[in-house]
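The values are calculated or read from the model by the stated rules, or taken from the named source; none is laboratory data. The structure presented is a predicted model; accordingly, all values stated were derived computationally and were not measured. Because the Cβ atoms are built from the backbone with ideal geometry, glycine has one as well, and the counts that use them run over all protein chains shown. To get the accessible areas, we keep the full protein, side chains included, count just its heavy atoms, and leave off ligands, DNA and RNA. Shrake-Rupley method; radii C 1.70, N 1.55, O 1.52, S 1.80 Å.
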Amino acid sequence: MEELISAIPCREHQLQDLMALLGEGDEPLPYSLFVSGSMATGKSLCVSKLLQYLNYRHVFIDCIECYSPKILYEAIITGLTDQEEVKCDSMWELTNILNGVCFQTFKYEPIVLVFDRAERLRTMDHNILMALLRLREFCNLNICTIFVTNQVNENFYFKMGVREPIKIYFPNYTKDELFKIIFLNQKSFVNYLFSSSEACIDSRLKGDLEKPELFANFLNAFLSVFYRPCRDLIELQHMARVNFLKYCEPIIKNEIKSTDLTKLWRHIAPILKTSLELLYLRINTSKSVQSLGKENNAMAVETTCSYENTLKDELLSTKTFAQSFELPYYAKYLLIAAYLASYNPPKEDKRLFMKNHGKQKKRQQQVRAKAKITEKLNTQLGPKVFTLDRLLAIFYAILEDKIGLTSNLLAQIATLVELKLIAGSKEVDLDVSKYKCIVGYDFITAVAQTVGFNVRKYLYDFI
């Protein structure tokens, strides 16, 4: 067990809870487990590694790949019996096969069925989730079903009379835990730096770049910027890998010493802020940005111009990425409506989106408010939360076509949340759902150009 805990850092309590529930091989397994938590918190990894450690017979099922009940049933039987050609069309046939062939083969041997991304089961037949919860009652096997999901338990509807699963929650990693996990991959970061660097690195410089202290200093600076807006370990590792190359560029060019932390921070701080705008977009920004902290004025001007050119290139790549983003037609309008709802005051919706909104008297207070400095523009203060009914109202106001409110249209909102273009719940509820658009002005402008829409015309800041 100590080897397992050391292989999966910062998940000791969750592994111990799973071990206590699954127990030893001669003990009966629990009916079902509900493992939940945010994305990239180690849920699937902990479950799979523990089952391999216990040497239990198990089947790991991805509910995105098994998108229909028939494929799901056949995947279960194939994983347990190793049969290539299996036909199973219903839950009744599945239980018959488990009571027949599997009982003769395994008898009371522990069997675990793991359903990864279990929230997809809710889109299938209503009886599937309930039947899987009671699978132990239908079979003469020592079987347990584990549901792994990033949704909370309240988003799953369990009928009365069904034994609810035992819940295990995986919290987000703390800042110290993220530091510890990413720091374990320090050698892979350094090897990636050596393989990506075009300059010739001598042995003395390699020794400086391989020092753990240098990578630790970079991680502290990186997490101080990225920790609050992002807790996704996978995305943080990707962004750290990209920015570590830029962090080490002035060291490789002998412009800054590896021990000069102040100059290194001045060099990396603007780059990290720029990279923050490209979070989740996976855009390659391999062009180098030189240090902004030069003592010579002429060098400082030249460096600033270099940084501005690099920023323009990154914004251009953002526009190119947005224009090539293959969203459905109405999903683009939904994204535009979400941006307008996030960056416009709700009290100005009537003025912005209705043709006959009446004349508005200019008051002295409003004139002074419009004359304020640009620091207080809505587009620079950040996105605001909006409700689903306001989103749909703006969507129908800016859309020329007359379409009805269908399930396909609401499903596209969940798709935008899945793509991390808007933040909010994937469950669409007109009463309680709230969202926030997390794309920038350049991105939304590029998306609007693909449908011939002028975003600036409907923004309160530019009236």
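Using 31 Å as the Cα-Cα cut-off, could you pick out the over-long pairs in K70/K167; K180/K434; K273/K426; K180/K246? Write down the numbers at each step before the final one.
Details: K70/K167 28 Å; K180/K434 34 Å; K273/K426 28 Å; K180/K246 22 Å.
Pairs exceeding 31 Å: K180/K434.
In region 396-441, which trypsin sites (Lys or Arg not before Pro) fall in coil by DSSP and have 11 or fewer other Cβ atoms within 10 Å?
Hits after loop and neighbour filter: K402.
Excluding residues on the same chain fewer than 8 positions from K211, give the aspartates and glutamates whose Cα lies under 17 Å from its Cα.
Once the sequence-local aspartates and glutamates are set aside, what remains near K211 is D202, E249, D260.
Mind grabbing the accessible area of Y53 for me, 1.4 Å probe, Å², rounded to tens?
For Y53, solvent-accessible area is about 110 Å².
Arrange the peptides 123-135, 34-46 so that the one whose residues have, on average, the most other Cβ atoms within 10 Å appears first. Intermediate values should be presented prior to the final figure.
On the way: 123-135: 16.2, 34-46: 19.3.
Descending mean neighbour count gives 34-46, 123-135.
Write out the GluC sites (Glu not before Pro) in region 71-132 meeting two conditions: DSSP loop, and at most 14 other Cβ atoms within 10 Å of their Cβ. Write down the numbers at each step before the final one.
Details: sites: E74, E84, E85, E93, E119; in loops: E84, E85.
Those that pass, being in a loop and sparsely packed, are E84, E85.
Once neighbouring chains are kept in place and the probe is 1.4 Å, which whole percent of the accessible area of region 60-106 is contributed by carbon and sulfur?
52
In whole percent, how big is the carbon plus sulfur part of the accessible area of region 217-276, probe 1.4 Å, protein atoms only? Intermediate results must be reported in sequence, preceding the final value.
Details: 1280 of 2530 Å².
C and S fraction of accessible area: 51 percent.
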